[in-house]
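As structure tokens, the structure follows; a few thoughts come after it.
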Amino acid sequence: MALLVGFVVVLVLVGMAVGVLVGNGTVGTIVAVVISAVMAFVSYWKSDAIALRVSRAVPADPVTYKRLHNLVEGLCIAGGLPKPRVYVINDPAPNAFATGRNPKHAAIAVTTGLLDKMNRVELEGVVAHELSHIKNYDILVMTMAVTLVGSVAIITDIALRMMWWNGGRVARSGDRDNRANPFALIGIVLLIVAPLLARAM
């Protein structure tokens, strides 16, 4: 809950700052509240579905990938975890990841390359590592951090694009005498803030 609240607060503050520089802080705040609410909802409830779809993961057939299912189930029994949904990604590169908001709503995906190149003991080590992320709720924290930084990065991109179009100026009189663009400053600040937020999270 603290993570979600902090997520919304940061995005609202960023939106307010942009709104003030544009000359309409109320609109900026409302837009920021809407965006932060949508992003928080999506990152918490739909992060696993998005990650799996982007990775082109498909459910692992219990017959074709019987060894993988047995391995995951055995590790879950040993670790006291509910068995997550198991997915396979058709990719020759050895890789694996876990996603989801909690142990009851989690999924683990492995590539076909990982299954082909590793023996049972090696594969067990990789899967155990991913299950530890699920057990410790690391996957939720990482997803929220990525979403927060991504949201700030999107606002940064918008600010920089408006800078090139000479937008975001509160007062437009005396353009020839004053070439400074306040929106450029917020864009640069946001570029600095985004990686710092990523590191802090």
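The values are calculated or read from the model by the stated rules, or taken from the named source; none is laboratory data. Computed from a prediction, not measured in an experiment: that's the story for all the values here. For neighbour counting, all protein chains shown are included, and Cβ atoms are generated from backbone atoms with ideal geometry for every residue, glycine included.
Here is a yes/no grid of residues against (1) among the β-branched types (V, I, T); (2) in contact (Cβ under 8 Å) with a residue 60 or more places away in the chain; (3) part of a helix (DSSP H, G or I):
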| residue | (1), (2), (3) |
| --- | --- |
| G100 | no, no, no |
| A107 | no, no, no |
| G113 | no, no, yes |
| D116 | no, no, yes |
| G125 | no, no, yes |
| A128 | no, no, yes |
| L131 | no, no, yes |
| T143 | yes, yes, yes |
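Please determine whether any residue of region 54-63 is among the aliphatic types (A, V, I, L, M) and modelled with pLDDT under 80. The answer is no; no qualifying residue exists. Can you name the number of the only condition in (1) of a type outside the set (S, T, N, Q); (2) under 21 Å from the mean Cα position of the chain (by Cα); (3) under 27 Å from L4 (Cβ atoms) that P82 fails? Of everything listed in (1) of a type outside the set (S, T, N, Q); (2) under 21 Å from the mean Cα position of the chain (by Cα); (3) under 27 Å from L4 (Cβ atoms), P82 misses just condition (2). Checked against (1) touching a helix residue (DSSP H, G or I) at 6+ places or on another chain (Cβ under 6 Å); (2) farther than 29 Å from L3 by Cα, L131 passes all but condition (2).
Being at pLDDT 90 or above, surrounded by 16 or more Cβ atoms within 10 Å (Cβ to Cβ) and assigned to a helix (DSSP H, G or I) is a property that does not hold for L21.
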